[in-house]
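Remarks on the structure that follows.
The values are calculated or read from the model by the stated rules, or taken from the named source; none is laboratory data. Please read all numbers here as calculations on a predicted model, not as lab measurements. In this analysis, Cβ positions are derived from the backbone assuming ideal geometry, glycine residues included, and neighbour counts consider all displayed protein chains. These area figures cover heavy atoms from the full protein model, side chains too; ligands, DNA and RNA do not enter into them. Shrake-Rupley method; radii C 1.70, N 1.55, O 1.52, S 1.80 Å.
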Amino acid sequence: MKTTQKIGLFGFGVVGTGLYQILASQEKRKHPFLLDKIAVRNHNKQRKFSTHLLSTANDIYNTPQIEVVVEAIDDAQAALQIARRTLQSGKGLISANKKMLAENLPELIGLSVKHQVPLLYEAAVCGSIPIIRNLEDYYSFHALTELNGIINGSTNYILDQMQQHQESYQSALQKAQALGFAERDPSLDVEGFDASYKLQILILHAFGLYLKNEFIFRRGISDIGIDELRYAAQNDLKIKLIASAKLNDLQQLTDALVCPTLTKKSNPLSKIGGAQNAVLVGDQHIGFQLFEGQGAGDLATGSALFNDLSAAQRGYSYAYKKGIKTQEQPLAESSKKWVLGLKNKDLKNMRGVLPKIEKEFIIGNTYFVECLGSIQQIKELEKQFSFSLMRIPE
Ligand code: HSE
């Protein structure tokens, strides 16, 4: 016989209301979940849905029948307090907060093991795509070598609007906010932070390595301007914000980066439009496999939370079969191909320090330089000069 499981929800914004709608619409299928309480900071705020469930954090912690808590707030510090207290009080935790998770996973995994309660977070990475579950279970003993993905819906939407519909960056960003894709602080999206947190989580589940965020090389899309778009169009390429991680034969990360990337039409990631996300998982034996789905928005994220609730109810937990080994800085030694967009004044000074230059040309007000160099060399250049950066994949 099915027993009802009471759920406590923290946050009733885009993600929380997504779960609320999914739970309501799935009721006919007789799922066993009963949303019992929703803790919100401001009880007087106008909301999309009115509900009698609004409540406080203590009400949730102090209700023993609530065995699983869903955390769906965007403040990472507050989310961490909720996560710690939830696990310490012996309740399972389902979270969508990528920053909080990425920064604290070793501690939180320790707490979930100590208190023998589930900790699941599929909703934190790539919205509706069950990528963590696949990396964790389907690929549990596969020799994965590489991940390449579009893992931030807002920036993909903005770049798509700019490239397909000639929309301005500002107007596309405003639409991404209105559609509920962007973070409350959109610099987290456009500067690549959000993608870097998700990449940390993917690296853990793909390779069994925990890498601190500071070691991910990160570039966002805020300096992709009209000249960069023209460069891409002239070369029949698409600019995509791609997160990548690569492993060598010694199981060490050689690369971990988030960077605007010039993709050829033959690359499946070039066809991912709007707020869709996609991850190409590279396997030593079978090559690449593509996972694609809605990456942001209320129902995409709500559906991942709902699936985690079902998994937790069946007693599922991530097994971390590949381990949780901390890796310091990725090696980042290999040479890569880059396109730097410079303004006139810097060019003369930069020429002496630039990694091997292959081509130079001007589009509009920008001097473009195609060059070869390692991530370390690009980081050195960033300390002294300002330039837009796009990667040309091998
Ligand atoms: N701001 C995020 C994105 C939301 O655009 O992908 C989903 O994690």
Once fully extended, how much extra length lies between Gln289 and Glu328, figured as 0.36 nm per residue of separation less the alpha-carbon to alpha-carbon distance? 11.3 nm
With the 8 Å Cα cutoff and a minimum separation of six or more residues, segment 21-114 has a relative contact order in percent of 21 percent
Length gained if Lys379 through Lys30 is fully extended, taking 0.36 nm per residue and subtracting the Cα-Cα distance, is 120.2 nm
Charges on Cβ only, +1 for Lys and Arg, -1 for Asp and Glu, centred on the Cα centroid of the chain; of Gln376, Ile22, Asn277, which one is farthest towards the dipole's positive end? Ile22
Can you tell me the FRET efficiency between Ser266 and Gln77 if r is taken as the Cβ-Cβ distance and R0 is 41 Å, rounded to the nearest 0.05? 0.40
Hey, what number do you get for the chain at 222 nm if only DSSP H runs of n ≥ 4 count, each worth -39500 (n - 2.57), divided across all residues, to the nearest 500? -10000 deg cm²/dmol
Point-charge dipole on Cβ atoms (K/R +1, D/E -1) for segment 231-290, about Cα centre, debye to 20: 300 debye
Cα centre as origin, Lys/Arg/Asp/Glu Cβ charges: segment 259-394 dipole, Debye: 280 debye
Relative packing of peptides 191-200, 71-80 - highest average C-beta neighbours within 10 Å first: 191-200, 71-80
For Leu389, enumerate residues with amide H under 5 Å from its amide H, sequence gap 5+ or separate chain, H modeled in the peptide plane. Gly341
Residues of segment 42-177: accessible area per residue with a 1.4 Å probe, Å²: 42 Å²
Rounded to 5, the percent of DSSP beta bridges in the chain classed as antiparallel: 65 percent
Name all residues of segment 214-233 having a backbone nitrogen under 12 Å from the label point set 7 Å from the Cα of Phe361 along its Cα→Cβ direction, giving them as ranges. 230-233
What does the highest-first list of 49-55, 350-356, 374-380, 334-340 look like by mean Cβ count within 10 Å? 334-340, 374-380, 350-356, 49-55
Just need the relative contact order of the chain here, percent rounded to a whole number, with Cα pairs under 8 Å and 6+ apart. 18 percent
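With a 10 Å radius around each residue's Cβ, average the other Cβ atoms per peptide and rank 13-20, 317-324, highest first.
Top to bottom by mean Cβ count within 10 Å: 13-20, 317-324.
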Nothing charged except the Cβ atoms of Lys and Arg (+1) and of Asp and Glu (-1): what's the magnitude of the dipole of the chain about its Cα centre? Round to the nearest 20 debye. 500 debye
Full extension from Asn349 to His115: what is 0.36 nm times the residue separation minus their Cα-Cα distance, to one decimal in nm? 78.5 nm
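Quick check on my link table: of Lys264/Lys356; Lys99/Lys325; Lys175/Lys383; Lys198/Lys359; Lys238/Lys343, which ones sit more than 27 Å apart, alpha carbon to alpha carbon?
Where the Cα-Cα span goes over 27 Å, the pairs concerned are Lys175/Lys383; Lys198/Lys359.
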